[in-house]
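Every number in this text was worked out from the coordinates using simple rules, so none of it is lab data. Given the structure is predicted, the values throughout are model-derived calculations rather than measurements. Backbone-built Cβ (ideal geometry, glycine too); neighbour counts: all protein chains shown.
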Amino acid sequence: MRRRVCTQVVEGARPASQSRSRKLPASAALLGLFVFAVSVNAMPAALLRAADEFEVGIGAMAQATAVQFAGFVVAAIVGGVLSDRLGKKHLLQAACVLLLVGAIIVSVAPGLRHAFLGAGLMGIGGGALECLSTTLLSDLFSDRRKFFLNLSQVVFCTGAVSGPFLMGLVLPVGVSWRYFFGGIAAMGAVLFVLFSVSQIPRPPHEERIHFDALVRIVRRPALMLSCAALFGYVLTESAIVIYSNAYLQTEHQAPERWAIYSLSLFWFSMGIGRFLCALIPERIAYRPVIVGLLFLTTVTLVLQNWASGWVASLVLFALSGLACSGIWPLIIGMTASVHAGYSGTVLGITIAVGALGCVVAPTVMNTFFSHLPPVAVYPAASLPLVFSLVFILWLKPSRQRSRTPSVTS
């Protein structure tokens with residue numbers, strides 16, 4: 001048996017004199033995260049109107065989001081593994097096509113079944129797009145991950161803010177929610193062109209994933225703890241994003257416009273927080289920052305129990321976005337720094353396990369709404385954050401150093 005050391009490959013990276021070659025793929029990756037953010041927030045923003053049009057309950061319509069993220073989970077894992085064998089370019093192109101087709105299907109869906117089909121395709125395309133765009137940025141700027149991963153999430157938040165904000169403006173005056181999915185399809189087409197003309201080299205032979213390496217990656221306890229922590233965070237974040245609109249309208253009698261704006265305010269606050277987190281020096285350890293943000297987010301959700309009206313509840317949702325802003329990119333950055341090599345596979349697994357939180361969130365929240373007083377729903381939804389905090393603390397600080405794995409072949 002011979003051993004070889006797998007060094008981290010930076011796809012598309014160039015010396016300083018040729019740094020321009022990184023600008024196009026990096027710009028395409030950032031735009032991809034923007035489009036992905038618009039796509040995942042479109043259904044929650046249109047939740048009540050789509051449910052009325054399809055003549056189904058809110059809970060049934062919310063399952064479209066679960067279907068979307070089920071596709072996301074599969075695509076994040078498969079796309080991450082395949083990217084370490086085939087390269088990212090063709091997979092990113094395929095992701096754009098699937099997102100485009102899924103959005104078109106939703107825009108013309110005559111019923112819930114077709115909407116689920118379109119949502120599933122959007123989830124597959126969006127999962128690959130989000131995972132591979134994040135991985136591409138992590139590889140291109142491996143020496144400044146905190147900055148660029150948080151910057152990427154600022155761009156994500158911009159998309160998450162702009163979509164619901166625009167819908168909040170025009171849906172109450174009679175514009176159909178279906179037009180927005182047509183717009184998502186158009187943005188998918190633009191992304192396809194950008195990735196097609198970007199230079200994203202294939203990984204060299206020694207970085208191509210094989211079964212032994214995959215088993216070794218999956219069995220790492222530190223990776224599983226990071227995945228579990230991200231799952232708990234995403235579950236709670238999804239509980240806010242999917243249900244804040246309906247919660248404010250049905251439980252606090254908020255005006256429709258402002259209930260939809262809750263999504264924009266949540267992501268706007270998160271964008272501000274992620275901009276601030278992007279300024280955290282690389283020398284600062286990940287764990288204390290993540291733990292602090294998890295605690296603050298838990299506090300804002302527990303305080304929903306005492307919200308006296310829709311304005312107070314809306315403000316608390318916005319504060320939740322600010323508090324939890326850096327959790328996702330910091331967990332991803334920590335994972336990338338600890339598990340150097342096979343970036344597509346490592347981050348694909350982590351992002352996919354986290355996305356399972358989006359899949360189960362509708363079921364969990366429907367259960368909470370059925371068995372708890374409305375004011376207790378969001379305090380209960382903060383419990384996964386407590387588990388995430390424990391998992392992060394469980395990670396030993398000595399493991400949070402970049403290292404290059406050895407793989408037996």
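Observations on the model:
- Over region 15-402, relative contact order from alpha-carbon pairs under 8 Å, at least 6 apart, %: 27 percent
- Spatial offset of region 370-386 relative to region 23-62 amounts to 24 Å, using the alpha carbon center of each.
- Computed lengthening from residue 189 to residue 386, 0.36 nm per intervening residue step minus Cα-Cα distance: 66.9 nm
- Loop-located trypsin sites (Lys or Arg not before Pro) in region 234-306 (DSSP state not H, G, I, E or B) with no more than 16 neighbouring Cβ atoms inside 10 Å: 283.
- Tally of Lys pairs whose C-alpha atoms are under 20 Å apart, taken over the chain, 8 or more apart or cross-chain: 4
- About its Cα centre, the dipole of region 44-135 is roughly 320 debye, where the only charges are +1 on Lys and Arg Cβ and -1 on Asp and Glu Cβ.
- Per-residue extension of 0.36 nm, minus the Cα-Cα distance of residue 256 and residue 375, leaves a gain of 40.9 nm for this segment.
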